[in-house]
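Chemist: Sending over a structure as structure tokens; questions will come in a sec.
The values are calculated or read from the model by the stated rules, or taken from the named source; none is laboratory data. Remember, predicted model here, so these are calculated numbers, not experimental data. Cβ sites come from the backbone with ideal geometry, for glycine too, and all protein chains shown count toward neighbours.
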Amino acid sequence: MKTVVTGGAGFIGSHVVELLLSKGHSVVAVDDFSNGQLDNVNIFRDNKNYGFIKINLSEPFDDSFFEGIDYVFHLAALADIVPSIENPTKYHEANVTATIRTLEAARKYNIKKFVYSASSSCYGIPDKYPTDENADIKPEYPYALTKYIGEKYVLFWNKLYGLPVISLRYFNVYGTRARTNNTYGAVFKVFLKQKLEEKPLTIVGDGTQTRDFVYVSDVAKVNLLAAESDIAGEIFNIGTGKPQSVNHLAELIGGEKVHIPKRPGEPDSTHADITKAKTLLGWEPKVSFEEGVHIMLDNIDYWKDAPLWTPETIEKETRTWFKYLK
């Protein structure tokens, strides 16, 4: 099969690329390096089935590389909460406009399946746990809103034009090759850098909050299953259904701990109901949380160039967020 992976130089995208190449697929990876990293391109350069194109998908682009493509995996997006609050227009262009342009290229060349990477952040603070795909949509910040609007466009292109699409709502994805940028975000990035620098692990709140952490290789596998399936026009939650507490993560990583006040606007838990993905896609996560953390610790040197977040800088970021929330 011939495939396009947008965001192919990114965290999840590079793992999707790796899986596709291992299965003998031809891959064209697309990225503008807003979040992607050159290292995630260089590791595949010697593979004859791999090609890379640097494109900003939010601007008009030459879509001829979509000709003859079977599957499109649309992972390109801007992430992070506070930057989306500070620059919502930029996030709309990257997460909505770019999605429309990619959908149009896929429609023009009659691709067989369009797999969209959506976000469980669209649920906001859910009313029920575990949270299924019919839960109320209550985004709390522009990143969550723009990812949801992108999903609405994807599903509408299925309804109006008959484009075969699937939307995957990721919960808390973690794993190797995660972003090492300067924005505050994933707890793994914060903890592993602090561990590497022999600093206390900064726990926001009392640490009893839980997150549905799902390992990146399992996410890559469900992308391929979605593409290969006969299903279209559906949304699937992608997590494990087994939330883990921040305290448990800190215990597995080890070291001293320090607590700072809870951040506003965050749920006490994320907990995916993945019944639909199990039933219709035949997917089930294979990497246990303990195994995933062990892999991360084995690769801890990866975080040497990541910024070191201190209790003071994390609290400052929290204040930036708080001033926008009612």
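Chemist: Residues in segment 122-144: is at least one buried (at least 18 other Cβ atoms within 10 Å of the Cβ), of a type in the set (S, T, N, Q), closer than 15 Å to Ala79 by Cβ and touching a residue at least 40 places away in the same chain (Cβ under 8 Å)?
Modeler: For segment 122-144, residues buried (at least 18 other Cβ atoms within 10 Å of the Cβ), of a type in the set (S, T, N, Q), closer than 15 Å to Ala79 by Cβ and touching a residue at least 40 places away in the same chain (Cβ under 8 Å): absent.
Chemist: Could you say whether any residue in segment 191-200 is free of Cβ contacts under 8 Å to residues at least 24 places away in the same chain and over 15 Å from the mean Cα position of the chain (by Cα)?
Modeler: no
Chemist: Moving on to the next point. Residues to consider are Ile235, Ile253; find the one that is crowded, with 16+ Cβ neighbours inside 10 Å, touching a residue at least 24 places away in the same chain (Cβ under 8 Å) and more than 20 Å from Gly175 (Cβ to Cβ).
Modeler: Ile235 is the lone residue from the list that is crowded, with 16+ Cβ neighbours inside 10 Å, touching a residue at least 24 places away in the same chain (Cβ under 8 Å) and more than 20 Å from Gly175 (Cβ to Cβ).
Chemist: Checking Leu168 against (1) more than 21 Å from the chain's Cα centre (by Cα); (2) part of a strand (DSSP E or B), only one condition comes out false. Which one?
Modeler: Of (1) more than 21 Å from the chain's Cα centre (by Cα); (2) part of a strand (DSSP E or B), only one is false for Leu168: (1).
Chemist: Could you look through segment 8-29, keep only residues that are more than 18 Å from the chain's Cα centre (by Cα) and among the aliphatic types (A, V, I, L, M), and pick out the one that is farthest from Glu67 (Cα to Cα)?
Modeler: Applying the filter and picking the extreme gives Leu21.
Chemist: Out of (1) within 22 Å of Thr131 (Cα to Cα); (2) in a strand (DSSP E or B); (3) touching a His at 6+ places or on another chain (Cβ under 9 Å), what's the single condition that is false for Val173?
Modeler: (3)
Chemist: Give the residue that is modelled with the highest pLDDT, with candidates limited to residues of segment 265-287 that are closer than 24 Å to Val204 by Cα and of a type in the set (Gly, Ala, Ser). It would help to see each step written out before you state the result.
Modeler: As a first pass, look at segment 265-287 and keep what is closer than 24 Å to Val204 by Cα: 265-272.
From what is left, the residues that are of a type in the set (Gly, Ala, Ser) are 265, 269, 272.
Details: Gly265: 63, Ser269: 93, Ala272: 98.
Looking at residues that are closer than 24 Å to Val204 by Cα and of a type in the set (Gly, Ala, Ser), I get Ala272.
Chemist: Only residues that are in contact with a helix residue (DSSP H, G or I) (Cβ under 6 Å, 6 or more places away or on another chain) and not aliphatic (A, V, I, L, M): list them for segment 118-132, please.
Modeler: Taking segment 118-132 first, the residues in contact with a helix residue (DSSP H, G or I) (Cβ under 6 Å, 6 or more places away or on another chain) are 118-119, 121-122, 131.
Those that are in contact with a helix residue (DSSP H, G or I) (Cβ under 6 Å, 6 or more places away or on another chain) and not aliphatic (A, V, I, L, M): Ser119, Ser121, Cys122, Thr131.
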